[in-house]
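One structure, as structure tokens, below. Some questions next.
Each value in this text was obtained by applying a stated rule to the coordinates, not by laboratory testing. This structure is a prediction, so every number in the text was calculated from the model and none was measured. Cβ atoms come from the backbone with ideal geometry, glycine included; neighbour counts cover every protein chain shown.
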4 protein chains.
Amino acid sequence: MGKLFDVILLILIVVSVIFVMLESVKGFSENTYKWLYYGEWIITIFFSLEYIARIITVKKPSTYIFSFYGIIDLLSTIPLYLSFIFVGSNALLAVRALRLLRVFRILKITRYIGEANKLSKALKDSRAKILVFLFFVLISSIIAGTIMYLIEGEESGFVSIPVSVYWCIVTLTTVGFGDIAPVTPQGQFIAAIIMILGYGIIAVPTGIVSAEYAKKMNGKPNQDDPDYVHVNT
Amino acid sequence: MGKLFDVILLILIVVSVIFVMLESVKGFSENTYKWLYYGEWIITIFFSLEYIARIITVKKPSTYIFSFYGIIDLLSTIPLYLSFIFVGSNALLAVRALRLLRVFRILKITRYIGEANKLSKALKDSRAKILVFLFFVLISSIIAGTIMYLIEGEESGFVSIPVSVYWCIVTLTTVGFGDIAPVTPQGQFIAAIIMILGYGIIAVPTGIVSAEYAKKMNGKPNQDDPDYVHVNT
Amino acid sequence: MGKLFDVILLILIVVSVIFVMLESVKGFSENTYKWLYYGEWIITIFFSLEYIARIITVKKPSTYIFSFYGIIDLLSTIPLYLSFIFVGSNALLAVRALRLLRVFRILKITRYIGEANKLSKALKDSRAKILVFLFFVLISSIIAGTIMYLIEGEESGFVSIPVSVYWCIVTLTTVGFGDIAPVTPQGQFIAAIIMILGYGIIAVPTGIVSAEYAKKMNGKPNQDDPDYVHVNT
Amino acid sequence: MGKLFDVILLILIVVSVIFVMLESVKGFSENTYKWLYYGEWIITIFFSLEYIARIITVKKPSTYIFSFYGIIDLLSTIPLYLSFIFVGSNALLAVRALRLLRVFRILKITRYIGEANKLSKALKDSRAKILVFLFFVLISSIIAGTIMYLIEGEESGFVSIPVSVYWCIVTLTTVGFGDIAPVTPQGQFIAAIIMILGYGIIAVPTGIVSAEYAKKMNGKPNQDDPDYVHVNT
């Protein structure tokens, strides 16, 4: 019974998020949007009932309501009701933002993945080190961004230091959109140095997590797989 | 004898896939397409004979026919015959898709690489963890995509939530095509955060596989190289 | 008292760097630039006082003045005074460069992160190996860049060997701006080989740091976390 | 004496390669090209003398001449002499290619880095596994490329299967030029799957090298640093 409820809930979460995403797509027929609207109401009512049921059944409702999942469960229901109230009002962007809050429903799904696994433990343990590392990336981006702003200037798209720093982050993380790219020889030379250094330092966070995870794994080899994907409803 | 047959088969697979690929290229002379067509028939007949030979020689033909390689072997021959039947019909796209199925012939080649190696074992063992991780990437992309859709809007190319989520996946995987890129300062700020976080979490799957593989390698150091690349015909 | 001073200094550093960055942004009101200018003076005076205080309080002022942090502290104050002197002069670019030197203030922040941690030790220990590796990347880029220059030529944007080498570095580091991209079949074929090889060798520096770090971590497991993020004022 | 000779040779190699690269840049004054030409002759004569000296001093000249460095040393001198012979001839592209062969001089520099180090040993030991892995990347690219060609078609730039496969390699290696990008919803959906899978499998070669290198390092911990960067003249 509880299992069936979980499966229905999982399907509804996925369907609901797909609905929110499809709603934003232009070009469907009028009928499609109508069906999405009806479906949205059915799912919201189901999530509302789930929310009420959880409040009734848990020992301390206040603990649940202000917990991570309590807030997520509320966010899964309230936006549609509120958007119903504000309909016709002028605060269009606010209503739109409100409605899109429903996408956080996807976080309900994390209930079924489990948090007490070694993966997140390894990530938590190396959190401080990764933060220090990302901090260095940010500092490097600010200095390199200022240099690029000075060298390339506004003609090449480096219109201000914040934009140059944004370009440096895009480059150091090896994303490289190409919306902004150096055009002067000096700029390309500095960019090449930034990229080669970035290529070298990408190894650092990987090495850290790898070593931390290996340490974790060697510590308790028997409990590894069993407690990994466990359901806590 | 069996060895010679294998070498011929390997060459034919490679030649055949190159033929399928070249067939799609515009701008060759009429003669070239004719030769590709003749070559295609010779290869298909060879593969047909191979398929029949395998059915005859194996102990349980039904097991082979419905096995992975049985289906691949059938897919290597049947499209050309079927396209011969449907020629002149209107279902052009279907015929085209059918003909391109021949590209799956490349999978015949995996027979000669061997599956029982430590590489795929390490990948299989960490499969569950990588899946959980990729799942988190997907959830992050959906939430970040919705935020980018709200901030950047349709003017910047973020025309719908699915497209925004697609952009987030392109960015988080550090591919960064640049066909869609944030143009507003707020959008670039959020994008920078997404990239830096993505840069930090790229370490996670690498660390997992690395640790799993190291564990595997330490376990049976003697059997490592010998059973790695073995032929199972 | 010392703690409060540190917190104020940290906030001032961050605020100051944000000010330098905002100053370069076009489109704010006149008033905003005026406030940025006043704020700049307040921060500069504070940093000047800090610099003088440090010279007075340290045992050997000459050691401090020519140390890394001594130079950074001086660079945090002097540019504004100098730009005040040169104002009205014609050396516009020089003044601009001078003013932007203030961005190096961000390096003051590294005082609070600590250097004697395992992360930078692991990086230092594998420095020689990473350098050798990056050197090979550079050599590969020069050779591959020359080949691409010969094959693609100037029509595709590969206007000279330095630009081709720049493109190779952009590609090998998987940044891929797309401002220059091969268009001929031969060029795309060579580019595909460069990318696949680059994909394979990205593993090398990661593996090195990972192994070095794991070795370091296993060596002194007890001192790991405590001495990681320590403050040395 | 030998040391001084090595330093001069190292400088000449670097200068010479910079000269070859600068020669291809348009826009310098006539005088600059003249100086580059003179410098080129001086360097070539020096390398010629070095080549002759090596042949005279080594025990078995024939072994040296047909060794890797023997061929590189010859390639460092002969192109200029040959281009002198063919000057005025029509085989322009051939002469151009010939002259650019001089860029292989950069490989002379590898003499001073040393090959018998653990880094290249780790790479050699995991060579077979990385090859198998890259082979799978190629197979995936061929299949995914064919699917993208069928879905996106020629309107989106996926003009033929080879071009689609090229796009897949660009995407799987996370380079992402953006010269070709999917525009249809189905194409973007398949592309997202390709990228997420690519993101997951990038871990595999890294993990392999990392584990191999760690194994190597643990094996002989004492000989690690001394024999790493050694000069073999």
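Once R0 is set to 45 Å, what does the formula 1/(1 + (r/R0)^6) return for the Cβ-Cβ distance between A:LEU134 and A:LEU10, expressed as a FRET efficiency to the nearest 0.05?
According to the calculation, E is roughly 0.85.
Now, a different point. What is the distance, in nm, between label points placed 7 Å from the Cα along the Cα-to-Cβ direction at C:LYS34 and at D:LYS60?
Between C:LYS34 and D:LYS60, the simple spin-label model gives 8.6 nm.
Can you flag which of B:LYS215/C:LYS215; B:LYS215/D:LYS124; B:LYS124/C:LYS215; C:LYS59/C:LYS108; A:LYS3/A:LYS59; C:LYS124/C:LYS215 are past 23 Å Cα-Cα?
Going by Cα-Cα distance, B:LYS124/C:LYS215 fall outside the 23 Å limit.
Using the basic label-point model (7 angstrom from Cα toward the beta carbon), what is the A:VAL25 to D:LEU74 distance in nanometres?
Label at A:VAL25, label at D:LEU74, 6.3 nm between them.
I'd like the distance between the alpha-carbon centres of region C:150-165 and region B:3-24, rounded to an integer number of Å.
Using only Cα atoms, the two centres lie 34 Å from each other.
Which whole-Hz ³J(HN,Hα) couplings does region A:74-81 yield from phi under the Karplus relation 6.51 cos²θ - 1.76 cosθ + 1.60, θ = phi - 60°, glycine and proline marked x?
Taking θ as phi minus 60°, the curve returns 5, 4, 7, 10, 4, x, 5, 4 Hz for region A:74-81.
Sorted from fewest to most neighbouring beta carbons within 10 Å, what does the list C:THR184, C:THR77 look like?
C:THR184, C:THR77
Counting other beta carbons within 10 Å of each residue's own, what order do C:PHE133, B:PHE28 fall into, fewest first?
B:PHE28, C:PHE133
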